[in-house]
1. Using r as the Cβ-Cβ distance of Arg175 and Glu28, and R0 as 25 Å, what FRET efficiency do you calculate, to the nearest 0.05?
2. Describe numerically, in nm with one decimal, the distance between label points set 7 Å from Cα along Cα→Cβ at Arg21 and at Gln201.
3. Taking a virtual spin label 7 Å from the Cα of Ala63 along the C-beta vector, which residues in the range 109-125 bring their backbone nitrogen under 17 Å of it?
4. Going 7 Å from the Cα of Ala5 along its beta-carbon direction, which residues of the range 37-56 have the amide nitrogen within less than 17 Å of the resulting point?
5. What does the extension gain come out to for Arg193 and Ser142, with contour length at 0.36 nm per residue minus their alpha carbon separation?
6. So what are the ³J(HN,Hα) numbers for the range 85-91, from phi and the Karplus equation (6.51, -1.76, 1.60; θ = phi - 60°), rounded to whole Hz, Gly and Pro as x?
7. Quick check: pseudo-label points 7 Å beyond the Cα along Cα→Cβ at Arg182 and Glu108, how many nm apart are they?
8. Magnitude of the Cβ-charge dipole of the chain, K/R +1 and D/E -1, about the Cα centre, nearest 20 debye?
Amino acid sequence: MSTVANNVQEVQTRIRAAASRAGRDASEIVCMAVTKTFPPESIREAYDAGLRLFGENRVQEFAGKRAALRDLPDAEWHMIGHLQTNKASKAAELFAAVDSVDSLRLAEKLHLSARQLGRRLAVLIEIKMEEEAAKSGVAPESKELDELLRHAAEFDHLEFRGLMAIPPLAEDPERARPWFRRLRQLRDQIAARKLPSVGMQVLSMGMSHDFEVAIEEGSTCVRVGTAIFGERTKI
């Protein structure tokens, strides 16, 4: 087995153990391989090891890889990085989903682009878990979030599936637990409103250093890069 295949196996083992500790069914949790900066060859190794869900952070970077990965028909590609509105059209063309919708304006742009392409695009709302200028996302319980949720029914070419967030980075994974719990509670509050066209089945939280804690707090999708591919080259 390749190093990537061994790492995938180890991550899946850790996912099952975390699910067991939380009294959850591991089949409820999907592992997304975060492929930012990694070449098509590494992505193929993860695919051959059984992964089918992949996340990219930059539209242009994935556009450059796409041709080399076209023969992976059941691979699903999600945009998980901050998306500028002027790149919404290209993102709607390249990806099956955008997991980082952080404004009503971006949702409008994605909806128009998806409509022009004759397709329906899955989306998650990115929640900003702390007040930090460098962080993207919508503040929880904010006017902006409420507007986005209320207008969701107007976007018939978008499928709202849930929430995504990145908590403040901390060396100790346990420090992320309150943030994960808060996101789950926010998801539950939104779901209880039973808003038209707003699904809340997906809770995307947890990365290589803290995904086990995220699973214990209810994550349905963990985004794992370093634990699968190793340390990435900074660009």
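1. 0.50
2. Taking the simple label geometry, Arg21 and Gln201 are separated by 2.8 nm.
3. Hits in the range 109-125 for Ala63 at 17 Å: 110, 113-114, 117.
4. Zone members listed by number: 41-52.
5. Length gained between Arg193 and Ser142: 16.8 nm.
6. Working through the residues one at a time gives 4, 6, 10, 4, 4, 5, 5 Hz.
7. Each label point lies 7 Å from its Cα, and together they span 2.9 nm.
8. The dipole magnitude comes to about 400 debye.
Every read-out reported here was derived from the displayed coordinates using simple, explicitly stated rules and does not represent laboratory data. Keep in mind the model is a prediction, meaning the values are calculated, not measured. Virtual Cβ from ideal backbone geometry, glycine too; neighbours counted across all protein chains shown.
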